[in-house]
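What follows is a set of notes on a single structure, which appears directly below.
The values are calculated or read from the model by the stated rules, or taken from the named source; none is laboratory data. Note that the structure is a prediction, hence the values are computed from the model and not measured. Using ideal geometry, Cβ is built from the backbone for each residue, glycine included, and neighbour counts are taken over all protein chains shown.
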Amino acid sequence: MLERLGVQPADLEMSDAIGRFARAELAPNAAEVDRDEIPATRYVPQLAELGVMGMNLPERWGGIGATPVALILALAEIARACASTSSMVGAHYLATDSILIGGDDELRARYLPDAAAGTRLGAFALTEPRAGSNPADMATRATREGDGYRLRGVKHFISNANAADFIVIYAKTDPSAGTRGISAFVVDRRSAGVEVAPAEKLMGIRGAPAHEVALDCFVPAANRLGAEGSGFRTAMKVLDNSRLDVAATSLGIAEAALEAATGWARQRHVGGEPLARKQGLQWMVADMRTRLEAAWLLTLQAAVRRGAGQPFTDHASMAKLYASEMVGFVTDAALQIHGGYGFTREMPLERLVRDARILRIYEGSSEIQRLVIARAAFA
Ligand SMILES: Cc1cc2nc3c(=O)[nH]c(=O)nc-3n(C[C@H](O)[C@H](O)[C@H](O)COP(=O)(O)OP(=O)(O)OC[C@H]3O[C@@H](n4cnc5c(N)ncnc54)[C@H](O)[C@@H]3O)c2cc1C
């Protein structure tokens, strides 16, 4: 069955190893990471050792040449143990995919092998205080200065920004050209004029801090990704990939919630019998399983298309939309099955509910995914 879905034994081998690490190292500390807002970047060396930090990159650039299916399975394993960690890794992929897709070989060679080795962390900066769902609204400008550009503006909600070694910044080189006036640049985090604010106080994924970044910095022309005006196209391709990563994170969190719910329903007795015998709860579990399985199929289908070089933009959007809404339902139902205990911080349920909530918002909200899916239907 799994093979017919495009899952090869090598994909499973890789995710098994990552799953073992996630269960042994990430899961036992996930509550502490959340409670004390400990950045999940502390796991970068171990993740790099397992190949995770470069899993999205080909071997030529230091990656491990994993298939898109293997990437999904691995991220789901990580998210099942600690969603902050999968979000941190996802933000790193947003940055390295930008360089892989938009950059030339010189830039790829300068950044990607170190990024894959975990010695340089990336961040991706598209969003601004007044430009989220519609990047054309962005106000950050890149104006020619000497043999490079001056970047001026403010980016908002930038994951990994403080810990990052490099940030891929999207800025307008031609403000009159809408999305065709957007260009992308790799900026070293410690350049003069890159100011990272303290982390936002987040509802969930509290080990994956997001920051405002104020820019008034010089960047050499050699650090531009591709031609002037090609930044939006690059960002959209990067987001196609990352929407699968978000779907995978949704799957992992939902797996954790379903496992907790069935475990609780087996051992919790009400009225002399386990909750698992109550038909009302059985039906909840049946719906949780069915939606989780459907989300797996959509996500694997999109990953297989990506691996085969077929168009997958709307498939990635369907996977992200369905999986992120599925995990909202599954985590809420799992909390309900735990009754009052589920509402306490002693249990992981409330954390899973909080961590899942961002998945319907970032990397294109559910409403934006619907726009993408409908646009393809009417193309
Ligand atoms: C924790 C966190 C981490 C993040 N990490 C990053 C990062 O690393 N890099 C980065 O660049 N960004 C990041 N973001 C930003 C994130 O991608 C944006 O918040 C998201 O794209 C939504 O943009 P917005 O917040 O400006 O909402 P808005 O664009 O203001 O949207 C508000 C609401 O209106 C809806 N809406 C907007 N347009 C339409 C429409 N045409 N039709 C129907 N409904 C619409 C939206 O769906 C949403 O519900 C992060 C955000 C958070 C909270």
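Hey, can you tell me all the residues within region 112-136 that are part of a loop (DSSP other than H, G, I, E, B) and of a type outside the set (D, E, K, R)?
In the first step, residues of region 112-136 are kept if they are part of a loop (DSSP other than H, G, I, E, B); the result is 118-121, 126-127, 129-130, 132-134.
Within region 112-136, Gly118, Thr119, Leu121, Leu126, Thr127, Pro129, Gly132, Ser133, Asn134 meet the criteria.
For region 13-39, which residues satisfy the criterion of being surrounded by 13 or more Cβ atoms within 10 Å (Cβ to Cβ), of a type in the set (A, V, I, L, M) and within 15 Å of Ala79 (Cα to Cα)?
Ala17, Ile18, Ala22, Leu26, Ala27, Ala30, Ala31, Val33
Among the residues of region 365-378, write down those that are within 8 Å of the ligand (Cβ to nearest atom) and either assigned to a helix (DSSP H, G or I) or over 19 Å from Ala235 (Cβ atoms) (or both). Before the answer, list the steps.
In the first step, residues of region 365-378 are kept if they are within 8 Å of the ligand (Cβ to nearest atom); the result is 365-368, 370-371.
Residues satisfying the conditions are Ser366, Glu367, Ile368, Arg370, Leu371.
Has region 204-218 got any residue that is more than 16 Å from the ligand (Cβ to nearest atom), touching a Phe, Trp or Tyr at 6+ places or on another chain (Cβ under 8 Å) and of a type outside the set (D, E, K, R)?
Here is the first cut: in region 204-218, the residues more than 16 Å from the ligand (Cβ to nearest atom) are 216-218.
Checking the rest, the ones that are also touching a Phe, Trp or Tyr at 6+ places or on another chain (Cβ under 8 Å) come to 218.
Adding the requirement that they be of a type outside the set (D, E, K, R) leaves 218.
Among the residues of region 204-218, at least one is more than 16 Å from the ligand (Cβ to nearest atom), touching a Phe, Trp or Tyr at 6+ places or on another chain (Cβ under 8 Å) and of a type outside the set (D, E, K, R), which makes the answer yes.
Test Ala222 against the criterion of being surrounded by fewer than 23 Cβ atoms within 10 Å (Cβ to Cβ), among the aliphatic types (A, V, I, L, M) and outside the structural domain of Leu107 (by TED's automatic domain parsing), and give yes or no. Step through it out loud before you land on a result.
Values: surrounded by fewer than 23 Cβ atoms within 10 Å (Cβ to Cβ): yes; among the aliphatic types (A, V, I, L, M): yes; outside the structural domain of Leu107 (by TED's automatic domain parsing): yes.
Yes.
From Ala316, Ala334, Ala323, grab the single residue that is crowded, with 21+ Cβ neighbours inside 10 Å and more than 21 Å from Met203 (Cβ to Cβ). Before the answer, list the steps.
Working: Ala334 fails: more than 21 Å from Met203 (Cβ to Cβ); Ala323 fails: more than 21 Å from Met203 (Cβ to Cβ).
Sole residue among the options that is crowded, with 21+ Cβ neighbours inside 10 Å and more than 21 Å from Met203 (Cβ to Cβ): Ala316.
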